[in-house]
Amino acid sequence: MKIIYNNFIPVKGYTAINLFGVLFARKGETVDKRLINHEEIHTAQMKELLYVFFYILYVAEWIFRLVQFGRSAYENISFERESHDNQSDYGYLKTREKYSWIKYIKNKQNESKS
């Protein structure tokens, strides 16, 4: 994964953001193996949704989760839940089935993986 360190993207207060498979990280922030794996899972999600549809669905689900969960909307987005649940499994992307994030859509907040 290509990592670009800079002072602008992401905004202050955030470590990194994955935009179209490129990881932008704040200068001075630590990008560890776990974070890279988390973002590589997002890249796999992006590829299977042809990038643009990933962002459309991500924003739409965030809005829905905002109404549903309020401040914890971000943590309940299916894409984030898949990445978070598997970020420490460094072999996950080798065995991951396409569209695995779908199973996280209907699962409720704090419910473990099925």
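The values are calculated or read from the model by the stated rules, or taken from the named source; none is laboratory data. Note that this is a predicted model, so its numbers are computed, not measured. Glycine gets a Cβ as well: all are built from the backbone with ideal geometry, and neighbour counts include every protein chain shown. We work out accessible area using only protein heavy atoms, side chains counted, and drop any ligands, DNA or RNA first. Shrake-Rupley method; radii C 1.70, N 1.55, O 1.52, S 1.80 Å.
Would you calculate, for the chain, the mean residue ellipticity at 222 nm contributed by helices, counting each DSSP H stretch of 4 or more residues as -39,500 (n - 2.57) and dividing by all residues, to the nearest 500?
Details: 4 runs with 47 residues, N = 114.
Only helices count here, giving -12500 deg cm²/dmol.
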Length-normalised contact order for the range 6-57 - Cα pairs under 8 Å, 6+ apart - percent: 28 percent
Cβ-placed point charges (K, R +1; D, E -1), dipole of the chain about Cα centre in debye, nearest 20: 80 debye
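Of Lys12/Lys94; Lys33/Lys94; Lys12/Lys106, which sit over 25 Å apart, Cα to Cα?
Details: Lys12/Lys94 33 Å; Lys33/Lys94 16 Å; Lys12/Lys106 32 Å.
Cα-Cα > 25 Å for Lys12/Lys94; Lys12/Lys106; rest within.
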If one compares the long axis through the Cα atoms of helix 33-48 with the longest principal axis of the Cα atoms of the chain, the angle in degrees, nearest 10, works out at 60 degrees
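Once you keep just the Cα pairs under 8 angstrom separated by 6 or more residues, what percentage relative contact order results for the chain?
19 percent
Expressed as a whole percentage, what fraction of the accessible surface of the range 14-56 belongs to carbon and sulfur atoms when a 1.4 Å probe is rolled over the protein heavy atoms? Present the calculation step by step, with values, prior to reporting the outcome.
Values: 1410 of 2250 Å².
Heavy-atom surface of the range 14-56 belonging to carbon and sulfur, 1.4 Å probe: 63 percent.
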In the range 35-101, taking the dipole from +1 charges on Lys and Arg beta carbons and -1 charges on Asp and Glu beta carbons about the Cα centre, the listed residue (Asn76, Gly91, Leu57) farthest towards the positive end is Leu57
Residue-normalised value, i.e. accessible area per residue, for the range 40-99 at 1.4 Å probe, in Å², stands at 60 Å²
